[in-house]
Amino acid sequence: DLVTSILTDSDSFQDLTVKIERPTYCKPFLGGFKHRITGVEFHNAGSQTVPKRRPDKGIEVFCRETQTVFEKNKLQQTINTTSTQMTKIGLYVSNMTDKIIRPGKYVTADEYHKRRLEAVIVLQTYFRRWHAINLVQNLREKKRLRLEWEEQEELKKKKEKEEKLQSEYRRIQNPKTKEDYELLYRALEVWRQEETKRINKSFTGAERKAALCGLLEQEAKLIASIGRYKLDTDEENRQKTILRFLGKCAQPKSWKAFDGKITEMDTQYTLRARELLEIYRSISMNEIPKDERIDVLLTLRRTVKEHDCKLTQEIIELIDREVDLMMRDVKECNLEGLRKRICTLFLQYIKTPKFNPEVAKILKVPPDPLQLYKNVYFCQSCQNYLPSSEFAVPASSRTVGRCRLCCKTDNEARKREVFLKYRLMLTNLRESEANYEDDAKIVYLIQVQDMQYMVEKIWDCQSALSACDDLYDLVMVRWDKRHEWSPWNTILLTKDEADAHLKLCNLQEAYEAVFIHRINRKHIQAKKHFAQIPAMASVLHRTGNQANAN
């Protein structure tokens with residue numbers, strides 16, 4: 001309510017109460033105008049009376065804006081009246097186009113369903129025939145592809161086997177590494193055994209002894225020729241090792257940038273190492289002209305003259321001696337020993353960190369000389385004190401035994417066995433175990449001799465499933481892939497069988513009880529032989545934890 005004062009005729013004011021009713025609807029905009037100078041807006045006013053409401057008729061009505069129309073379609077069939085004309089007196093209707101319809105045989109419901117069933121059977125027959133033809137064709141195609149794949153795999157295996165034989169033959173003909181000489185000595189042993197069998201079958205008495213003596217002389221000559229060739233090979237390998245070592249010193253510093261590009265940078269030390277490498281490569285070359293040889297020697301003399309010590313003085317003295325002898329036209333064959341001394345002393349010069357600082361990062365010399373006295377063992381065969389890395393200790397051994405060189409010499413003199421296949425098998429096993437990433441330890445304690453014992457004594461050099469005896473195709477994998485590999489948790493299989501075995505989830509369902517029992521017996525035999533490995537593994541693990549803590 002609003003109270004207002006109104007002026008009356010008697011110059012007096014009267015208070016009146018005005019009731020204001022708020023509109024229940026939105027007043028419409030009736031237009032207006034805007035003052036151009038002041039910018040005030042004036043709206044047209046409307047009446048303040050409440051609009052008259054329509055009387056309620058009791059019927060629910062909707063406005064046009066909100067009413068929803070529901071449509072429904074319904075088909076209607078209109079009536080079509082027809083008539084027929086029949087012949088009667090006074091009217092003739094032609095019957096030329098009439099049809100005579102005779103009722104057929106009445107078909108019961110059982111007969112109708114029987115006929116439908118027979119038709120369905122006919123359709124099913126043709127469909128099954130079509131399906132069988134397609135199925136047989138698919139089977140034939142799969143069989144053809146399978147046979148082709150088996151033939152290709154057979155040819156591939158045969159080709160790989162031939163390549164391995166050719167590779168072994170080439171390695172025997174031109175040996176370069178230790179494994180090549182193992183194959184060569186094994187071939188010599190096979191030849192000696194065959195010749196011994198032939199002599200024992202063909203001769204008796206004195207003739208047999210004479211033939212065996214001749215065979216022994218031939219064997220000695222072959223061993224001597226192998227030894228001479230081995231000396232040349234060792235010298236060649238030694239030169240390659242030296243050049244590889246010097247190449248590492250001369251490599252520039254490199255790092256990978258954020259965009260993936262490799263950036264290389266030469267330092268003063270790498271440039272110095274590269275200069276020394278080029279000089280060493282030049283003085284190691286043979287059959288070069290006299291003038292070039294003298295230039296190389298003079299360059300070497302200027303290089304080593306930068307440092308004054310006993311080693312550089314000896315190198316300079318030898319260089320002057322060779323230059324003097326070359327000026328007197330001394331034959332090159334008489335200078336070989338002098339040149340070797342120069343190369344040896346210059347290599348010693350290069351390996352000195354004082355003259356070549358970059359070599360200090362590659363030399364395997366501990367900074368503390370007292371560390372050289374640690375992990376040193378005595379070889380009972382060659383009577384030398386050697387570091388632990390020179391001993392191949394089997395996992396089942398309780399003493400250090402002989403060094404690697406003595407074992408190698410004894411093998412070449414007596415058994416002449418080839419460990420290449422077992423070495424490859426052990427390498428493949430360690431690579432496969434590294435992929436599990438479950439902190440396997442025992443596999444790294446196994447040596448080549450242990451692998452040979454397991455393959456030959458426990459698994460009889462053949463696959464546990466197919467009895468395949470090709471050692472190049474055999475691998476050792478986990479028997480139970482959920483546990484760490486060990487000699488009592490392994491099985492010897494071919495590569496294809498190993499892939500299928502590792503995909504199994506339940507070994508008890510995949511293999512028969514007899515086969516599982518046979519594998520368990522081999523595991524017990526291996527565990528009895530390698531009984532001390534778990535203790536060694538625990539000691540190794542405890543030592544690693546202590547190192548990490550320190």
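The values are calculated or read from the model by the stated rules, or taken from the named source; none is laboratory data. Just so you know, these numbers come straight off a predicted model, no measurement behind them. Heads up, the Cβs are rebuilt from the backbone with ideal geometry, glycines too, and the neighbour counts pull from every protein chain shown. These area figures cover heavy atoms from the full protein model, side chains too; ligands, DNA and RNA do not enter into them. Shrake-Rupley method; radii C 1.70, N 1.55, O 1.52, S 1.80 Å.
For the range 411-430: of the residues being within 29 Å of Val475 (Cβ to Cβ) and part of a loop (DSSP other than H, G, I, E, B), which is most open to solvent (accessible area, probe 1.4 Å)?
Step one: of the range 411-430, the residues within 29 Å of Val475 (Cβ to Cβ) are 411-412, 415-430.
Cutting the leftovers down to part of a loop (DSSP other than H, G, I, E, B) gives us 415-419.
Working: Lys415: 133, Arg416: 10, Glu417: 53, Val418: 33, Phe419: 34 Å².
Restricting to residues being within 29 Å of Val475 (Cβ to Cβ) and part of a loop (DSSP other than H, G, I, E, B), the top hit is Lys415.
Suppose we filter Leu300, Leu318 for residues that are open to solvent by less than 30 Å² (accessible area, probe 1.4 Å), closer than 20 Å to Leu345 by Cβ and touching a residue at least 40 places away in the same chain (Cβ under 8 Å); which single one remains? So that I can check it myself, show each step before the final result.
Values: Leu318 fails: touching a residue at least 40 places away in the same chain (Cβ under 8 Å).
Answer to the selection: Leu300.
Of all residues in the range 375-395, count the ones that are part of a loop (DSSP other than H, G, I, E, B) and over 19 Å from Tyr444 (Cβ atoms).
Within the range 375-395, residues that are part of a loop (DSSP other than H, G, I, E, B) and over 19 Å from Tyr444 (Cβ atoms) number 6.
Say we look at the range 443-476 and pick out the residues that are open to solvent by 20 Å² or more (accessible area, probe 1.4 Å) and of a type in the set (Val, Ile, Thr); which of these is nearest to Lys408 (Cα to Cα)?
Among those that are open to solvent by 20 Å² or more (accessible area, probe 1.4 Å) and of a type in the set (Val, Ile, Thr), it is Val448.
Quick one: count up the residues across the range 247-291 that are more than 19 Å from Arg341 (Cα to Cα) and surrounded by 10 or more Cβ atoms within 10 Å (Cβ to Cβ).
Qualifying residue count, the range 247-291: 18.
Give me a count of the residues in the range 32-54 that are open to solvent by 100 Å² or more (accessible area, probe 1.4 Å), of a type outside the set (Asp, Glu) and at pLDDT 80 or above.
4
What tally of residues in the range 221-246 results from selecting those that are in contact (Cβ under 8 Å) with a residue 24 or more places away in the chain and either open to solvent by 100 Å² or more (accessible area, probe 1.4 Å) or touching a Ser or Thr at 6+ places or on another chain (Cβ under 9 Å) (or both)?
Going through the range 221-246 one residue at a time, the tally reaches 5.
Look through the range 374-410, keep the residues that are without any contact (Cβ under 8 Å) to a residue 60 or more places away in the chain, under 24 Å from Asp460 (Cα atoms) and not hydrophobic (A, V, I, L, M, F, W, C), and return whichever of them is surrounded by the fewest Cβ atoms within 10 Å (Cβ to Cβ).
Here the residue is Ser397.
Confirm whether His483 is assigned to a helix (DSSP H, G or I) and assigned by the TED database to the domain that holds Gln452.
Taking the combined requirement at face value, the residue does not satisfy it.
For the subset of the range 167-176 comprising residues that are outside any helix (DSSP H, G or I) and touching a residue at least 12 places away in the same chain (Cβ under 8 Å), which member is surrounded by the fewest Cβ atoms within 10 Å (Cβ to Cβ)?
Lys176
If you go through the range 445-480, how many residues are farther than 15 Å from His523 by Cβ, in contact with a Lys or Arg (Cβ under 7 Å, 6 or more places away or on another chain) and part of a helix (DSSP H, G or I)?
4
Residues in the range 486-513 that are part of a loop (DSSP other than H, G, I, E, B), of a type outside the set (Phe, Trp, Tyr) and either in contact (Cβ under 8 Å) with a residue 24 or more places away in the chain or in contact with a Cys (Cβ under 9 Å, 6 or more places away or on another chain) (or both): how many?
Of the residues in the range 486-513, the ones part of a loop (DSSP other than H, G, I, E, B) are 486-489, 503-506, 511-512.
Narrowing the set further to residues that are of a type outside the set (Phe, Trp, Tyr) leaves 486-487, 489, 503-506, 512.
Of the ones still in play, those that are also either in contact (Cβ under 8 Å) with a residue 24 or more places away in the chain or in contact with a Cys (Cβ under 9 Å, 6 or more places away or on another chain) (or both) are 486-487, 489.
Number satisfying all stated conditions: 3.
Within the range 356-371, is there a residue that is surrounded by 13 or more Cβ atoms within 10 Å (Cβ to Cβ) and either at pLDDT 90 or above or more than 40 Å from the chain's Cα centre (by Cα) (or both)?
no
Residue check, Leu183 against (1) surrounded by 10 or more Cβ atoms within 10 Å (Cβ to Cβ); (2) of a type outside the set (D, E, K, R); (3) over 26 Å from Lys421 (Cα atoms), all met but one. Which one?
(3)
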